[in-house]
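Step one of this worksheet: look at the structure below.
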Ligand SMILES: Nc1nc2c(ncn2[C@@H]2O[C@H](COP(=O)(O)OP(=O)(O)OP(=O)(O)O)[C@@H](O)[C@H]2O)c(=O)[nH]1
Ligand SMILES: [Mg+2]
Ligand SMILES: [Zn+2]
């Protein structure tokens, strides 16, 4: 679904960075994806395989770092990792917590090769 | 050689959403992004919302669909400005489409801009448009188990409308289970059971919305 568009955005950002460095090949693109997003690894990899041939990223790898969901309890200050269906504070039982991780959609770095 | 980027993948959409947000703030427009499956009753809910609030606020609507002008024509027939966006296959709206659509509207006359997103429970969730609030509609015939299958949209919505409530007994919709799982995913979100086409329950929803609009105005005046 929307993984195609997301993958194209990843590639566009990677090409821009690689070209700015005069790179000739992208070996690896590292991204972080939060567990609370609706972005599926399989669909992203499929999109990468469809979109990368014929570009600087041909033959390269897309490495996805999954980030667990985490919240902070405003009443007792506890920070805790949680499953998406159980977000209650494990220390004091407060159900209304601030999400602090798990929604990431970040491009972290690009590993490139240059011709000498 | 490793190049450090550390930036949002949807950077361009985020930047354009902020630009839209600035324009809306400057013009004092409250923007609602309404999301739901195809046929859940987005257009019907918008029409009911217009009827309830048109005496209090200047309203306009942006209709997002893959194709056709049907929905925008329904809104225009109600005497409300409507812009149709056809995404040509894309399963959600993005900020640049909104930016183009608002150039066709007189924002000075508008207090409430309602965006009907493309019918989809997944894709619209990752894309900010510059809205004040995202709200979703689930319709009773879709079933009470949808929050288990599509959790993200329930998590990010500020309110959940449960439409076609007139059919609740026909579809054996387990409302207690629905309320319990939505409460786990998003304990702050109010749930509004409504029948958009019959009018039942609509006023609880529109009063909540009016409260949000007035609160946004009050905080803008403080600045
Ligand atoms: N029984 C009943 N039917 C409803 C209700 N709300 C909408 N409908 C019917 O559901 C169908 C779809 O309604 P729309 O408002 O067009 O739904 P939508 O989400 O805008 O649909 P798309 O834009 O095509 O995705 C229509 O036949 C409506 O008459 C309701 O509260 N009760
Ligand atoms: Mg519609
Ligand atoms: Zn706590």
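The values are calculated or read from the model by the stated rules, or taken from the named source; none is laboratory data. These figures come from a predicted structure and were not determined experimentally. Quick reminder, even Gly has a Cβ in these numbers, built from the backbone with ideal geometry, and neighbours come from all protein chains shown.
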Taking region B:59-92 on its own, how many of its residues are in contact (Cβ under 8 Å) with a residue 40 or more places away in the chain and either over 17 Å from the mean Cα position of the chain (by Cα) or under 17 Å from residue B:13 (Cα atoms) (or both)? 1
From the option list A:66, A:30, A:84, A:72, single residue qualifying as in contact with a helix residue (DSSP H, G or I) (Cβ under 6 Å, 6 or more places away or on another chain) and touching a residue at least 12 places away in the same chain (Cβ under 8 Å) is A:84
When residue A:37 is evaluated against the numbered criteria (1) more than 9 Å from chain B (Cβ to nearest Cβ); (2) more than 16 Å from ligand 3 (Cβ to nearest atom); (3) surrounded by 13 or more Cβ atoms within 10 Å (Cβ to Cβ); (4) under 21 Å from residue B:149 (Cα atoms), which criterion, by number, is the only one it fails? (1)
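What residue, of A:59, A:54, is away from ligand 3 (no atom under 16 Å from the Cβ), part of a loop (DSSP other than H, G, I, E, B), touching a strand residue (DSSP E or B) at 6+ places or on another chain (Cβ under 9 Å) and on the phi > 0 side of the Ramachandran plot? Before the answer, list the steps.
On the way: A:54 fails: touching a strand residue (DSSP E or B) at 6+ places or on another chain (Cβ under 9 Å).
After ruling out the rest, the residue left standing is A:59.
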Across region A:87-115, the tally of residues that are buried (at least 18 other Cβ atoms within 10 Å of the Cβ), free of Cβ contacts under 8 Å to residues at least 24 places away in the same chain and on the phi > 0 side of the Ramachandran plot stands at 0
Looking at region A:10-23, is at least one residue away from every other protein chain (no Cβ under 12 Å) and either outside any strand (DSSP E or B) or at pLDDT 95 or above (or both)? no
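Select, from A:51, A:105, the only residue that is under 17 Å from the mean Cα position of the chain (by Cα) and within 16 Å of residue B:9 (Cβ to Cβ).
Sole residue among the options that is under 17 Å from the mean Cα position of the chain (by Cα) and within 16 Å of residue B:9 (Cβ to Cβ): A:105.
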State whether one or more residues within region A:66-87 are within 19 Å of residue B:123 (Cα to Cα) and facing another protein chain (nearest Cβ under 10 Å). yes
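Hey, can you tell me all the residues within region A:14-31 that are closer than 27 Å to residue B:89 by Cα and surrounded by fewer than 21 Cβ atoms within 10 Å (Cβ to Cβ)? Talk me through it step by step, then tell me what you get.
Step one: list which residues in region A:14-31 are closer than 27 Å to residue B:89 by Cα, which gives A:14-16, A:31.
Selection gives A:15, A:16.
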